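The values are calculated or read from the model by the stated rules, or taken from the named source; none is laboratory data. In this text, all values refer to a predicted model and were calculated from it rather than measured experimentally. As a convention, Cβ positions derive from the backbone with ideal geometry for all residues, glycine included, and neighbour counts pool all protein chains shown. All accessible areas refer to the heavy atoms of the entire protein, side chains included, with ligands and DNA or RNA removed. Shrake-Rupley method; radii C 1.70, N 1.55, O 1.52, S 1.80 Å.
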Amino acid sequence: WAVRLPLLIMEFSSTPPVINNSGNARRRPSAHYSITMSCMRPSPSDLILAQAKDVIETVRHKYRAKGHEAVLLGMKDEKEAVRVLTNSFNGTADSDAEPIFDWVLGPELRGKHDHPLRIAFFRYYMRFIFLSCVKYGLVIGVRDTSTSELMACCGVLPPGRRHITDASNLLSPTMLSLFVAVGALPPDMIQHKAFPPHVTERVNAMAKAGMAGLEDCASQVGGKEGHFYVYAMATAPEAQGKGCTRTALEIVAAFADATGYPCALDSGSEKNTCVYQRLGYEVLSKHKISTKKELNWDNDSPEERFMARQADYSH
């Protein structure tokens, strides 16, 4: 949209005027006008998102009794959300990092939660995910009802927009618009020599493994674009154990059931897989991230699990 819409508007504006009998200029009706107007109509994905947001409003009150205020996050919440995402995936001295990301960053940065390069890496990619979901999907936040502190956030893309997670074509209009929104390319690409070897290659391998899981199981989740995709589920380390993941994913399940679509996500750890299974997700496929020796610094590759929850029509 960031590329196409301005071009279409420019084409319409350049249509030569017609002079009517009174000598006044009027714009010539043209196909450009109808094209531009059609681009402004809500897409099917936008209509599904509108339904999802209505459902969120009707169910969010259920979680106040457990001290959770479920909210939709927007650009004003970016700093808070990126902090929660970063601390959750990066880990802290008191909480574990996502195992796949420890593998991606290599032995040089493994467990070094406060290292500037590691922090820059996570802040960039978590911001990229947050902006992707704000721009093309939605982000559910779980706040503490007494302090308003953001405890967890869940980024979701609607049916029709799963392709946004496919990083194989960095020059696609969607990817270019997101790079513009973030304001830069990934730090492991810009500062390639400062990072440990093969970090960017491992990032690409992780992305490919996620898409491979989808390709293997597309028929079970409504096709490559026929499901809600949980792009990221993150709970702040200090809020873990308070049921925030359950709150966020129950809300996702509520609007998925209401609209009749399955949900899908990727899990990179046994611990998270068990949590998702308790919430109705099942493992549909498993993929080693990479089989290349030069990438597997610990002589093995982590495994990514593609998981899905089917819509429940009984509600």
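Of the listed requirements (1) without any contact (Cβ under 8 Å) to a residue 60 or more places away in the chain; (2) closer than 22 Å to LEU150 by Cβ; (3) in contact with a Leu (Cβ under 8 Å, 6 or more places away or on another chain), VAL275 misses just one: (3). The lone criterion from (1) within 20 Å of ARG162 (Cβ to Cβ); (2) part of a helix (DSSP H, G or I); (3) open to solvent by less than 20 Å² (accessible area, probe 1.4 Å) left unmet by ARG202 is number (1). The numbered conditions (1) touching a Leu at 6+ places or on another chain (Cβ under 9 Å); (2) in contact (Cβ under 8 Å) with a residue 60 or more places away in the chain; (3) in a helix (DSSP H, G or I) are all true for TYR229 except (3).
Residues of segment 230-257 that are aliphatic (A, V, I, L, M), open to solvent by 10 Å² or more (accessible area, probe 1.4 Å) and farther than 25 Å from VAL104 by Cα: ALA253, ALA254. Pairs meeting the criteria (first residue in segment 203-216 and under 12 Å from LYS286 (Cβ atoms), second residue modelled with pLDDT under 95 and open to solvent by less than 10 Å² (accessible area, probe 1.4 Å), beta carbons under 8 Å, at least 6 apart or on different chains) are lacking. The set of residues in segment 274-315 being of a type in the set (Gly, Ala, Ser), closer than 23 Å to TRP103 by Cα and assigned to a loop (DSSP other than H, G, I, E, B) consists of SER290, SER301. Just one of the listed residues (GLY226, GLY222, GLY213, GLY260) is within 17 Å of the chain's Cα centre (by Cα), surrounded by fewer than 20 Cβ atoms within 10 Å (Cβ to Cβ), more than 23 Å from ARG110 (Cα to Cα) and not aromatic (Phe, Trp, Tyr), and it is GLY226.
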